[in-house]
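The structure under discussion is supplied below as structure tokens; questions concerning it will follow.
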Amino acid sequence: MRRDGYAEVRAPDGTTIRMEDEGLAVWTAYCAHQENGKRAWFSFYRGSISCNNPDAEIVGKMWRIAQQLSAVIQGDEGELYDEHGQPR
């Protein structure tokens, strides 16, 4: 994990979308991580960890982090996940 404090992606039309927040970090060991492409951005805010479009690998990482922080894991649509990566 690398705590960057921002998330930045290039949209299909070439524009750059950037979000800044001190709770943002990128998981650089994610199997689908690409330096100039797909990344797993994690946000920690008010006791919740969130990540857009979490796959099984991301949900597992979110769960391990949540255990250390006494937090919950939450998907991009606000859904919460249990320790098995299943929506509650």
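The values are calculated or read from the model by the stated rules, or taken from the named source; none is laboratory data. Keep in mind that what you see is a predicted model, and the values were worked out from it rather than measured. Quick reminder, even Gly has a Cβ in these numbers, built from the backbone with ideal geometry, and neighbours come from all protein chains shown.
If I filter region 34-46 for residues that are in contact with a helix residue (DSSP H, G or I) (Cβ under 8 Å, 6 or more places away or on another chain), at pLDDT below 85 and surrounded by 16 or more Cβ atoms within 10 Å (Cβ to Cβ), do I get at least one hit?
yes
When you scan region 55-77, do you find a residue that is of a type in the set (Lys, Arg), modelled with pLDDT under 80 and under 13 Å from the mean Cα position of the chain (by Cα), even just one?
No, region 55-77 contains no residue that is of a type in the set (Lys, Arg), modelled with pLDDT under 80 and under 13 Å from the mean Cα position of the chain (by Cα).
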